[in-house]
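These notes are about the structure you will find just below.
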Amino acid sequence: MKKPNPDRSVTRRGFLAQTAAGAFLALHPSLVFGAAANTKISLGLIGCGGRGLWIADLFQKSGLYQFVAGADYFEDRVRVFGDKFGVPASRRYTGLSGYKRLLESPLDAVVIETPPYFHPQQAMSAVEAGKHVFVAKPIAVDVPGCTVFADAGRKATANKQVFLVDFQTRASDFYREAVGRVHRGDLGRLVLAEAHYPWQGGGRTGPPADPAEALRNWYCVLPLSGDFIVEQSIHALDVATWILNSDPVRAVGMGGRKLRPEGSIWDHFAVNYTMANEVPLSFTCIQSIPEMKDEITCRVFGSEGVIVTDYFGEVFIRGNEPYKGGRHADLYTDGAVKNIQEFHQFILEGNYKNPTVAPSVRSNLTAILGREAGYRQGELTLAKLLEENKRLEPNFKGLKD
Ligand SMILES: NC(=O)c1ccc[n+]([C@@H]2O[C@H](COP(=O)([O-])OP(=O)(O)OC[C@H]3O[C@@H](n4cnc5c(N)ncnc54)[C@H](O)[C@@H]3O)[C@@H](O)[C@H]2O)c1
């Protein structure tokens with residue numbers, strides 16, 4: 001028999017606990033512009049770069065969707081996408097506001113694969129235009145962005161639109177089962193958590209020459225990416241906050257720029273969080289380590305056992321109530337494929353609960369809190385972070401609207 005969840009009482013307050021709730025099941029699909037007599041969902045891609053082209057391929061291969069429009073700041077990017085996916089020239093949009101013109105065109109849903117800075121406003125505009133939204137992580141780079149994103153998710157639910165954040169781990173059956181068991185009490189009382197994201201990526205790109213160059217190489221530009229603790233490490237912090245089902249209360253951060261001194265983002269962080277359920281979470285991340293075998297790992301220890309998760313390895317529970325779990329051959333692809341399939345399913349079922357939104361806002365704020373504590377080389381509370389409400393502003397001078 002399952003034990004009661006000792007941490008249930010910490011399901012949570014205020015800002016972070018605001019879910020995309022109030023959802024209900026409707027019986028008919030909200031497909032206005034279905035590409036093929038209500039069978040295929042018509043899509044627009046916003047952001048036709050690396051991930052955009054890669055995931056567009058998965059959408060198309062699923063046989064459930066048809067791309068009918070594309071937007072990218074750069075004409076060469078949208079041209080490559082349009083040529084590959086048969087999108088007519090009249091439905092290819094460029095410039096910073098190209099996505100707005102895309103949203104005026106007849107389509108059911110959008111896939112947002114732009115740099116993180118743009119996600120909140122583009123997602124909100126898409127919801128306001130009546131489109132279903134599939135969006136890449138991370139959801140925002142700053143607190144105001146998180147607020148807009150949370151509002152967009154709530155609005156989508158209220159307006160009967162599907163809104164899905166593409167975390168691959170949240171789509172995995174191994175992760176879902178293991179985390180569900182923790183929430184049911186299989187680890188007993190939770191005591192201590194750790195999460196890590198060391199990886200070889202990141203490159204050594206220096207500061208961009210101008211704002212256009214920054215849009216092409218946005219990863220190393222703080223206001224566009226949110227720094228790599230937000231842009232990359234969110235995968236690890238999202239799993240940790242999912243398992244703990246708790247908000248951070250405060251963070252003590254350290255870190256710096258020893259490997260990539262020329263960029264505007266850091267190359268390592270070490271953050272100790274105190275969570276609302278009084279479980280300490282110890283987190284580290286580092287980039288640009290040659291030949292590093294990438295890890296996105298999390299372990300949470302409880303009085304009855306330990307849950308171990310690795311994006312590139314196994315997921316299991318060891319202890320008095322063990323779970324064998326398993327290993328994904330390729331979670332990077334499998335998770336996206338599952339999200340693409342569930343996005344379609346939710347639209348057809350009229351399932352507007354949008355359960356990925358609130359947890360994505362929580363983990364994103366956790367990452368931002370860690371970044372800001374790190375920049376201060378000290379302590380910062382979540383309450384203070386929210387009160388400061390600091391906005392990151394990229395330089396768009398001279399860019400085409
Ligand atoms: N495992 C994952 O979930 C995963 C993996 C890779 C990337 N991502 C996410 O996908 C997103 C895109 O990353 P990427 O690697 O494809 O980057 P990318 O630079 O290859 O592509 C981004 C594209 O957006 C375009 N763009 C920039 N500003 C725009 C604007 N205002 N309007 C329209 N287009 C604009 C750029 O020109 C570029 O073509 C990021 O949020 C990233 O974190 C997620």
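Residues in the range 156-176 that are touching a Phe, Trp or Tyr at 6+ places or on another chain (Cβ under 9 Å) and either of a type in the set (D, E) or farther than 18 Å from E342 by Cβ (or both): A158, N159, D166.
Among the residues making up the range 160-186, those that are outside any helix (DSSP H, G or I) and in contact with a helix residue (DSSP H, G or I) (Cβ under 7 Å, 6 or more places away or on another chain) are Q161, V162, F163, L164, V165, D166, F167, S172. Within the range 234-250, not a single residue is polar (S, T, N, Q), within 13 Å of the ligand (Cβ to nearest atom) and assigned by TED's automatic domain parsing to the domain that holds V306. Being crowded, with 22+ Cβ neighbours inside 10 Å and either within 11 Å of the ligand (Cβ to nearest atom) or not assigned by TED's automatic domain parsing to the domain that holds P248 (or both) is the requirement here; does V182 meet it? When the stated conditions are applied, V182 does not pass them. Between E194, E177, which is in contact with a Lys or Arg (Cβ under 6 Å, 6 or more places away or on another chain) and either polar (S, T, N, Q) or surrounded by fewer than 20 Cβ atoms within 10 Å (Cβ to Cβ) (or both)? The unique qualifying residue is E194. The residues in the range 359-375 that are over 16 Å from H235 (Cβ atoms) and not hydroxyl-bearing (S, T, Y) can be counted, and the count is 4. Please verify whether R189 is out of contact with any strand residue (DSSP E or B) (no Cβ under 8 Å at 6 or more places or on another chain) and at pLDDT 95 or above, treating the condition exactly as stated. It is false that R189 is out of contact with any strand residue (DSSP E or B) (no Cβ under 8 Å at 6 or more places or on another chain) and at pLDDT 95 or above. Of the residues in the range 111-127, at least one is in contact with a Pro (Cβ under 7 Å, 6 or more places away or on another chain), within 19 Å of A236 (Cβ to Cβ) and not in a strand (DSSP E or B). Listed by first and then second residue, the pairs with beta-carbon distance under 7 Å, at least 6 apart or on different chains, first residue in the range 132-151 and in the same structural domain as V111 (by TED's automatic domain parsing), second of a type outside the set (A, V, I, L, M, F, W, C) and assigned to a strand (DSSP E or B), are F134/D166; V135/D166; A136/D166; K137/D166.
For the range 321-330, state whether one or more residues are buried (at least 23 other Cβ atoms within 10 Å of the Cβ) and outside any strand (DSSP E or B). No, the range 321-330 contains no residue that is buried (at least 23 other Cβ atoms within 10 Å of the Cβ) and outside any strand (DSSP E or B). Residues considered: V271, V239. Of these, the only one that is within 15 Å of the chain's Cα centre (by Cα), crowded, with 24+ Cβ neighbours inside 10 Å and modelled with pLDDT of 95 or more is V239. Residues considered: V111, V143. Of these, the only one that is more than 11 Å from the ligand (Cβ to nearest atom), crowded, with 19+ Cβ neighbours inside 10 Å and among the β-branched types (V, I, T) is V143. Restrict the check to the range 222-233 and report whether at least one residue is free of Cβ contacts under 8 Å to residues at least 60 places away in the same chain, within 22 Å of the chain's Cα centre (by Cα) and either crowded, with 18+ Cβ neighbours inside 10 Å or part of a strand (DSSP E or B) (or both). Yes, the range 222-233 contains at least one residue that is free of Cβ contacts under 8 Å to residues at least 60 places away in the same chain, within 22 Å of the chain's Cα centre (by Cα) and either crowded, with 18+ Cβ neighbours inside 10 Å or part of a strand (DSSP E or B) (or both).
The one condition from (1) surrounded by fewer than 24 Cβ atoms within 10 Å (Cβ to Cβ); (2) more than 15 Å from the ligand (Cβ to nearest atom) that L96 does not meet is (2). Reported count of residues in the range 184-203, each being more than 24 Å from the chain's Cα centre (by Cα) and either closer than 30 Å to W218 by Cα or among the small types (G, A, S) (or both), is 2.
The values are calculated or read from the model by the stated rules, or taken from the named source; none is laboratory data. On a predicted model such as this, the values are computed, not experimentally measured, just so you know. Note that we place each Cβ from the backbone using ideal geometry, even for glycine, and neighbour counts take in every protein chain shown.
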